[in-house]
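Undergrad: So that we are looking at the same thing, I have put the structure below in structure tokens.
The values are calculated or read from the model by the stated rules, or taken from the named source; none is laboratory data. This one's a predicted model, so the numbers in the text were calculated from it and none came from an experiment. Here the Cβ positions follow ideal geometry from the backbone for every residue, glycine too, while neighbour counts run over all protein chains shown. Surface accessibility is based on the protein's heavy atoms, side chains included, excluding ligands, DNA and RNA. Shrake-Rupley method; radii C 1.70, N 1.55, O 1.52, S 1.80 Å.
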Amino acid sequence: MPSLALPTTDLDLLDNIQQRILWLSTYMIHYANHVRPNQDSIKIGGHQASCASSVSILAAYYFAAAGPDDLISIKPHAAPVYHAIQYLLGNLPAEKLRQLREFGGLQAYPSRLKDPDSFHFSTGSVGFGAVMPHFMSLVREYVADHFGYPRQHRFFALMGDAELDEGNVWEALGEDNLQRLGRVTWIVDLNRQSLDRVIPSGRAQKIQASLRSFGFHLIEAKYGSRLESIFRRPGGERLRDRIDRMSNDEYQSLLRMHSPDRIFEQLCTTPEGRDETLASLLADETDIHGLIADLGGHDLAKLLEAFREAETITDRPVAILAYTVKGWGLPLAGDPTNHSRLLTDQQIAELREQLGIAPGAEFDAFPPESPEGRVCLDVRERLGLDQPARRRQSVPARVPETLATQYKGEISTQQAFGGVLSELSRIPEVSRRLVTASPDVAVSTNLGGWLQKVGVYCPDNQIDYFGDRSVPVALKWKQGKHGQHIELGISENNLFLTLGALGVSADLFGEPLVPIGTLYDTFISRGLDALHYAIYNGGKFIVIGTPSGISLGPEGGLHQSLLPPSFGVESPLITYYEPCFGKELEWILLEGIRRVLEVPEGDSLFLRLSTAPQPQDLFPAETPGLRKSVLAGGYRLIDHSARAGYHPGQNVVNVFACGPMIPHAVQASQDLAGDDLFVNVIAVTSPDLLHRGWVSANRARMRGRAASHHLEQLVPPAERHSPVVTVMDGHPHALSFLGSAFGARTVALGVDEYGQSGSRRQLYEHYQIDAASIVRAAIAAIDEG
């Protein structure tokens with residue numbers, strides 16, 4: 001990796017560049033809000049103050065410190081600063097600056113998939129961007145250990161100090177595997193402000209203590225060169241001590257004072273009275289406001305020194321604490337309420353004049369022949385921006401459509417999942433791409449057999465004291481560089497961030513992986529924001545939620561999930577399945593693996609599994625089209641349509657059942673067979689795909705295009721107004737839409753209360769999802785239909 005260009009950096013040129021970045025990032029927000037036509041007449045928004053505090057940091061990084069293999073996460077509110085830099089480097093056309101927060105234009109916050117200028121990480125939900133580089137560093141180590149990936153990378157994260165209030169940050173730093181990683185650098189934009197207020201005093205010191213406890217090397221860029229030169233004068237330590245001891249509120253109030261005399265008097269007045277030493281020290285200062293605002297996070301020389309020091313630390317993470325002013329260089333600098341404030345037209349005009357921007361040249365870059373323009377061209381070449389961007393590559397891994405496994409007797413889908421993974425371990429070209437992860441529930445989610453075969457990944461090989469000393473254990477826990485399971489602490493956030501990082505390995509490192517994460521279904525909700533972030537960031541992975549529902553039985557309460565089916569139906573870019581039989585699970589999982597490897601634009605996969613054993617003999621004999629129907633979302637398991645006396649609209653009910661409820665629906669159908677009531681059972685493998693297909697077809701028809709959906713194949717025209725009963729071990733909302741598809745009378749059965757301990761039979765009866773309840777629902781539906 002090339003060394004930093006610090007010794008030859010022209011600070012005057014760099015200052016000119018940062019002033020242009022300040023202007024462009026400020027003006028593009030102003031343009032979006034006050035110049036561009038606004039069809040909705042509501043505030044477009046943007047964060048001029050938050051952008052301004054990070055301008056110097058990003059200018060120093062990109063124009064003097066960045067390397068071609070760096071991967072950096074940008075704090076959400078600094079997106080316009082990044083866009084301004086990419087524009088100056090020729091990586092973004094000028095017209096895009098006029099399209100900030102516009103349909104088809106630049107997104108409000110960094111988007112890896114939607115913005116055209118190549119963010120490495122999406123950010124927006126604060127906290128995740130701070131730690132995602134740690135997880136990507138772990139994935140880089142993984143692909144190096146397993147595939148010989150040769151390129152070194154540095155991983156950076158720019159974050160605001162208030163962002164460190166997010167608990168997920170400290171959850172991530174607690175992971176042992178992440179603490180061992182070097183070449184990860186934080187830059188904390190420490191501007192002492194959050195959205196609503198000045199941050200309480202002492203927060204910076206607490207951040208430092210916490211980071212030290214997690215093994216960080218700390219670099220403080222607190223004061224600028226001008227202040228530090230005064231600190232070195234006789235009596236200068238008194239000034240340092242005065243500023244160090246003042247509260248954040250007092251410091252911010254000084255930034256908002258525009259009278260030099262008032263600032264002078266406030267600095268020289270301490271709780272002990274007037275400090276004549278300070279008064280003498282500051283008596284000849286002509287710009288005392290500029291002096292008090294002279295912070296390290298806006299001193300380009302100090303920032304470059306910090307980046308130089310950070311580059312020398314490779315055995316542990318680094319944090320640069322860059323003290324800044326929120327709104328630096330703008331008239332709202334330091335205002336506690338400046339977070340979403342926008343400059344007025346008059347203030348923009350004054351800033352234009354101050355920065356030497358000619359009217360009509362608001363979006364101009366530097367002329368290529370100018371000294372600044374030549375710097376931009378040199379940086380563009382150094383960063384390799386003319387090289388074609390890496391794109392996700394598909395890997396034809398010859399994933400089989402089916403396995404030779406025969407599922408007999410009673411088997412749960414969780415048990416079948418473990419069996420499929422064990423079988424896949426025997427197919428090297430597939431298994432080498434699989435990597436599992438779990439938040440301390442690997443054994444209880446049936447990964448034990450897989451772990452025995454592949455081991456646990458650790459960047460450093462660990463001594464196996466049990467194995468080396470022949471101490472008998474139920475499960476070998478061998479940890480080393482060639483393991484294919486990542487064991488995490490009890491943190492669902494960390495699981496989903498791990499999956500998200502593994503899931504973009506093909507994009508960033510050229511090595512596609514199939515990440516498979518297991519967790520208790522009910523605890524998906526604890527990491528839901530991280531899961532959405534991982535998907536939005538472009539990760540492709542498989543989530544196994546197991547065990548699920550009140551089928552968990554005696555382990556009641558919040559361990560019995562009811563909400564994940566709703567998440568599965570509602571979430572974009574991840575396809576939800578809930579199989580009942582082993583062969584269904586096998587087909588779905590194999591197809592999911594194939595799509596992760598071979599379909600770059602494909603969805604992630606969510607499989608909701610159960611510990612309830614299911615009679616495998618209910619699964620129909622394999623016929624042409626059965627696998628296709630299973631993958632499409634469902635099939636007719638019990639079909640009475642060919643029987644005599646079958647009259648839709650009079651004596652026919654369609655029961656749509658999902659997962660472990662299918663045997664109970666079959667039993668209900670059999671119980672009603674003698675009552676001249678024909679109850680068809682439709683096995684729903686994916687409520688998500690049925691809903692998605694129905695909605696998509698309706699949208700196409702609204703535009704005058706012919707379209708069909710899988711429900712129309714499951715329910716022939718003659719039956720479409722027949723009553724419907726839906727039943728699932730989860731919230732009934734996830735299937736209740738089915739009646740709407742054809743305007744049929746619907747009774748939706750499911751669990752819409754928190755669970756409790758009991759046997760499955762007791763719980764099914766209590767929550768009315770057992771066979772008897774399905775019978776009553778079918779009778780009620782036909783009577784009222």
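Undergrad: Measuring from centroid to centroid over Cα atoms, what is the spacing of the range 68-125 and the range 554-626 in Å?
TA: With the range 68-125 and the range 554-626 each reduced to a Cα centre, they are spaced 36 Å.
Undergrad: Once neighbouring chains are kept in place and the probe is 1.4 Å, which whole percent of the accessible area of the range 257-320 is contributed by carbon and sulfur?
TA: The C+S portion of the solvent-accessible surface of the range 257-320 is 46 percent.
Undergrad: Can you find, among Tyr767, Pro648, Ala741, the residue farthest towards the positive end of the dipole of the chain? Put +1 on the C-beta of Lys and Arg, -1 on that of Asp and Glu.
TA: Most positive-ward Cα: Pro648.
Undergrad: Quick check on the chain: of the DSSP beta bridges with both residues there, what percent are antiparallel, nearest 5%?
TA: Working: 10 of 68 bridges.
Just about 15 percent of them are antiparallel.
Undergrad: Something else: Given Cα pairs under 8 Å that are at least 6 residues apart, what percent is the relative contact order of the range 1-144?
TA: Computed value for the range 1-144: 24 percent relative contact order.
Undergrad: Tell me which label goes with the value of Cα extents along the principal axes in Å computed from the coordinates here: (i) 100, 60, 47; (ii) 112, 54, 51; (iii) 104, 71, 56.
TA: The listed entry that was calculated here is (iii).
Undergrad: Excluding ligands, DNA and RNA, what is the solvent-accessible area per residue of the range 22-123 at a probe of 1.4 Å, expressed in Å²?
TA: 29
Undergrad: Give the long-range amide H neighbours of His217: residues separated by 5 or more places, or on another chain, with amide H under 5 Å away, using H modelled in the peptide plane at 1.01 Å from N.
TA: Correct list: Val318, Ala319.
Undergrad: Could you provide, to the nearest whole Å², the per residue accessible area of the range 399-511 with probe 1.4 Å? Please report the intermediate quantities before stating the final value.
TA: Details: 4820 Å² over 113 residues.
That works out to 43 Å² for each residue.
Undergrad: Report in % the part of the accessible area of the range 487-551 that belongs to carbon and sulfur, leaving out ligands and nucleic acids; probe 1.4 Å.
TA: The value for the range 487-551 is 52 percent carbon and sulfur by accessible area.
Undergrad: Ranked from highest to lowest mean number of other Cβ atoms within 10 Å per residue, what is the order of the peptides 596-602, 200-206, 513-519, 153-159?
TA: 513-519, 153-159, 596-602, 200-206
Undergrad: Which entries in Lys206/Lys540; Lys408/Lys478; Lys43/Lys222; Lys302/Lys326; Lys75/Lys114 show an alpha-carbon gap greater than 26 Å? It would help to have the intermediate numbers written out before the result.
TA: Numbers: Lys206/Lys540 37 Å; Lys408/Lys478 32 Å; Lys43/Lys222 35 Å; Lys302/Lys326 18 Å; Lys75/Lys114 17 Å.
Lys206/Lys540; Lys408/Lys478; Lys43/Lys222, as the Cα separations exceed 26 Å there.
Undergrad: Tilt of helix 492-502 relative to the longest C-alpha principal axis of the chain, in degrees (0 to 90, nearest 10)?
TA: 80
Undergrad: Still on this structure: Relative to the longest principal Cα axis of the chain, at what angle does helix 11-30 sit, 0 to 90 degrees, rounded to 10?
TA: 50
Undergrad: Oh, and also: How large is ³J(HN,Hα) for each residue in the range 592-599, as worked out from phi by the Karplus curve 6.51 cos²θ - 1.76 cosθ + 1.60 (θ = phi - 60°), to whole Hz, x for Gly and Pro?
TA: Karplus-based 3J(HN,Hα) across the range 592-599 equals x, 4, 4, 5, 4, 7, 10, 10 Hz.
Undergrad: Follow-up question, since we're still on this one. So how much slack lies between Asp241 and Ser259, counting 0.36 nm per residue of separation and subtracting their Cα-Cα distance, in nm?
TA: Separation in residues times 0.36 nm, less the Cα-Cα distance, equals 4.2 nm.
Undergrad: For the range 403-413, what does the Karplus curve 6.51 cos²θ - 1.76 cosθ + 1.60, with θ = phi - 60°, yield as ³J(HN,Hα) per residue in whole Hz, taken in order and with x for Gly and Pro?
TA: 3J(HN,Hα) across the range 403-413, in whole Hz: 10, 7, 4, 9, 9, 10, x, 10, 9, 7, 5.
Undergrad: Right, something else. Using a 10 Å cut-off on Cβ atoms, rank the peptides 499-512, 439-452 from the highest mean neighbour count down.
TA: Per-residue Cβ counts within 10 Å, averaged per peptide and sorted highest first, yield 499-512, 439-452.
Undergrad: Using the per-residue mean of other Cβ atoms lying within 10 Å as a proxy for protection, in what order, highest first, do the peptides 252-261, 674-683 fall?
TA: Peptide ranking by packing, descending: 674-683, 252-261.
Undergrad: Tell me the carbon and sulfur percent of the accessible area for the range 688-778, rounded to whole percent, probe radius 1.4 Å.
TA: On the way: 2100 of 4340 Å².
So the carbon and sulfur contribution to the accessible surface is 48 percent.
Undergrad: Per residue, how many Å² of accessible area does the range 595-688 show with a 1.4 Å probe?
TA: Working: 3440 Å² over 94 residues.
So the range 595-688 comes to 37 Å² accessible per residue, rounded to a whole number.
Undergrad: Got a sec to turn the phi values of the range 349-358 into Karplus ³J(HN,Hα) couplings, 6.51 cos²θ - 1.76 cosθ + 1.60 with θ = phi - 60°, whole Hz, x for Gly and Pro?
TA: Whole-Hz 3J(HN,Hα) from phi for the range 349-358: 4, 5, 5, 4, 5, 4, 8, x, 9, 6.
Undergrad: Here is a further query. Angle, helix 128-147 long axis vs. longest principal axis of the chain, Cα atoms, 0 to 90°, nearest 10?
TA: 70
Undergrad: Please list, ordered by chain and number, the residues whose modelled amide H lies under 5 Å from the amide H of Leu106; skip anything fewer than 5 residues away on the same chain.
TA: Placed amide hydrogens put Gln99, Leu100, Arg101 under 5 Å from Leu106.
Undergrad: Return the long-range amide H neighbours of Val435 (sequence gap of 5 or more, or a different chain), with a cut-off of under 5 Å between placed amide H atoms.
TA: Residues meeting the criterion, in which the H sits 1.01 Å from N, are Val514, Ile516.
Undergrad: Helix-derived [θ] at 222 nm for the chain: sum -39500 (n - 2.57) over DSSP H runs of at least 4, divide by residue count, nearest 500?
TA: -11500 deg cm²/dmol
Undergrad: For the chain, with only Lys/Arg (+1) and Asp/Glu (-1) charged at the beta-carbon, what is the dipole magnitude about the Cα centre, in debye rounded to 20?
TA: With only Lys, Arg, Asp and Glu charged at Cβ, the dipole is about 1380 debye.
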